[in-house]
Structures are given as structure tokens and as C-alpha cells.
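Written below as C-alpha cells is the structure these notes are about.
Computed from the coordinates by the stated procedures, all read-outs in this text should not be read as laboratory data. Small disclaimer: the values here were computed from a predicted structure and weren't measured. So basically every Cβ, Gly included, is an ideal-geometry build from the backbone, and we count neighbours across all protein chains shown.
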Amino acid sequence: MRAWRLHDTDGPDSYRLDEIPDPEPGPGEVRIAMRISALNHLDLWMSKGLPRPEHLPHITGADGAGVIDAVGEGVDPSRVGEEVIINPSTSCGTCPQCLAGEIVFCRRFGILGEHSPGTLAERTVVPAVNAVPKPPHLDWETAGSFGLATGTAYRMLRRARLRAGEVLLVVGVGGGVSSAAALLGRAMGARVFVTSRRDDKIAWAVERGAEGGFASDSEFSKELKAKAGRGADVVVENVGPATWDQSLRSLAPGGRVVVCGSTSGTKVELSMPVLFFKQLEVIGSTMFTHGEFNEVLDLVARGVVDPPVTTFPFDRLPEALALLEAGDQLGKVALTHA
């Protein structure tokens, strides 16, 4: 089979399209012939050694969908031929956290494509529990691309306790997580506002129910309060130092900022008096549970949330990565298999 593999960590040029043997499923695993392999910023970061793969060459890619073409010992053989979506959250499945449904706290929690070979290949092997039946009416492009970003956004909003009627500010709309957060927030009944460096991305969000948008490099905290009449109850933040100060200033007293990433850097300054006088909350969030993934799949399958995706043929990974690195995409970027 063909697979895009990282041979070094010198950046996106470290990917090579290789011909390698098909992987074989082990006990409790299934092999999937991929129809869609979707990208995330993780694929860019790993190409730069952030984090560095444990072994090289390495196949990245967390998201995808396809058809089961082989199963390992202990898996119902009737699953061969089943159309499935890959849930990229992996865990041991047996510890107290896993048994309680909170797999994100498992000591062996992992992300497909980071801690194990991923989806940027013609075939991939995953635990059978991570191969979720695809609703028959759901198109392959959506099925194979929404997972990591939309699931992450969903858990963020749940951890931030977003309620109908509250003001939600999504910083940096246009990326996979932020565009999904805007759509999910609107579906939850929040008043949604967004920021972006590009007017067309703000326009996209407004067309889908956002009340307004502001430039990410402006004093958007003031603009938000003027437009909404108050500060935000919840801010979704995954940019980091470039927007952090304005994100905190955007919060109403008692507001919550929920963080899943930091694309502009890893360190920010936090004014302690602002934190305690305004009684703010800073909430970290990573990935999602199996239950949350299934809830998001239901929303996507019913059309309540329709995350955008841009596709490229499988052999055009360098172009897809360049679009993602430039931040010019809207939503997700994915590779289609012939």
C-alpha cells in the first residue's frame, strides 16, 4: 500500500509517499481501507518534532473513514465490509477511568497518528472499538474529517458549561476546532461571536448564525462588548499569546475561557488580580470520550452541525499541508482515496 510517512522532523517536506506492506490487524483490531484521510495541525507539528514521533519513519493522521477489509482475533468477522468512521481517541479500556467512560484521563490515553500509526495511508489498523459505524446517508468527506476537531470543540463547550442564551466568543474562527465550536455553540442556543484575520471567514460564521465578528489582531474585547452589550460568558481559545490578553478582557465577570491549544506559542501572562476580582475560570480541555464522540456523530449525521471541509487527492498531501500551515483553509482539510 501507499502511505505518507515522516522520515525526519525538518518540517512538512519530511513527508514521503512510500510503498509499504499492508498492516495486519492484531487481536481486538480491525483494518480499514481508507476512503478519506483528514489532516489536523498535529500533522504539521509532528513534522517539526512537536512532539517528535517515537519511531521514524512514522505515519501520522488522526481522522478518517473507510471500509473494514480485515479483522483480528476476537472481532466479529461479519464486520468485514462495514463502512466506518475512525474515532482517534485510544486508551487501555480496562483502568478505572476507562471503565467510568473518562478515557481522556487514562494513563495510556493516546491519539491515533501521534502515539500509533495513523490514517495517512491507504489502509490503517485501529482497535475495533474505534471503528464506529458510518450512518449510510453521511457523505465520506464529512464522515472522515469531522472527528478530532468537532469532538474537541464539543468537549470544550461542555467543560465550559455553555448554556443557551449565553455569549460565546470563538477566537480564530476558520480552523477545524474553532469553526466547529461556532457551529456547535449556535446549535446549543448561545449568542455566538467570532474573531478572524480574514473577513470571508467572519462572513461564513455570520451566515451560519453568528451575531458578529472582529479582527483577531484588534482590541476585539471592546468591540464584542459594544456589539453584544456585555462581555462573553465563554471564550474558546486555541491561539495563545497572540490573542490571550484580549480573550481574557472579553470575559464578563464569572466568565470561563476554555483552552485546547496554542498555535501562536506556549506561554502567556496572566494578571492574577483580573483573575480573582472578576472570578474568572481558565479551563483546559483535550480530545474527547467515546460517549462524546458518539454524541457529536449524531449531531453531524442529523445535519445539526455541518463542518466545512476542503479535499485534495491522496497524492497531493504537500499542497494540503501548505494550505493548513498558511491558515487559509475553512474548517478541515482532507485527502480522498480513489
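Data for the structure
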| read-out | value |
| --- | --- |
| Prolate/oblate/rounded label for the range 270-338 (Cα gyration tensor, a/c 1.5) | oblate |
| Ordering of 149-157, 199-207, 15-23 by packing [mean C-beta count within 10 Å, highest first] | 149-157, 199-207, 15-23 |
| Extreme residue, positive dipole direction of the chain, given options SER37, ALA226, LEU317 (C-beta unit charges) | ALA226 |
| Scattering curve values for the range 81-210, log₁₀ I(q)/I(0), Debye with Cα scatterers, q = 0.23 Å⁻¹ | -1.26 |
| Cβ-Cβ FRET estimate between VAL304 and ASP139, R0 fixed at 22 Å, reported to 0.05 | 0.90 |
| Descending Cα extents along the principal axes, the range 167-244, whole Å | 28, 27, 19 |
| Theoretical gain in end-to-end length, ASP217 to ALA326 [0.36 nm per residue, Cα-Cα removed] | 37.6 nm |
| Calculated FRET value between GLU102 and SER271, using beta carbons and R₀ = 45 Å, to 0.05 | 0.90 |
| Gyration tensor (alpha-carbon) shape descriptor, the range 1-106, a/c threshold 1.5 | oblate |
| Ordering of 186-192, 222-228 by packing [mean C-beta count within 10 Å, highest first] | 186-192, 222-228 |
| Candidate values (1) 34, 21, 19; (2) 32, 27, 17; (3) 41, 22, 20, label of the one derived for semi-axes √(5λ) of the Cα gyration tensor in Å | (1) |
| Helix 176-187 axis, angle to the chain major axis (alpha carbon atoms, nearest 10°) | 60 |
| GNM flexibility winner over the chain from PHE109, PHE277, PHE314 (Cα, springs under 10 Å) | PHE277 |
| Surface/4 of the Cα convex hull for the range 150-284, nm² | 6.9 |
| Highest to lowest packing among 70-79, 121-130, scored as the average C-beta count within 10 Å | 121-130, 70-79 |
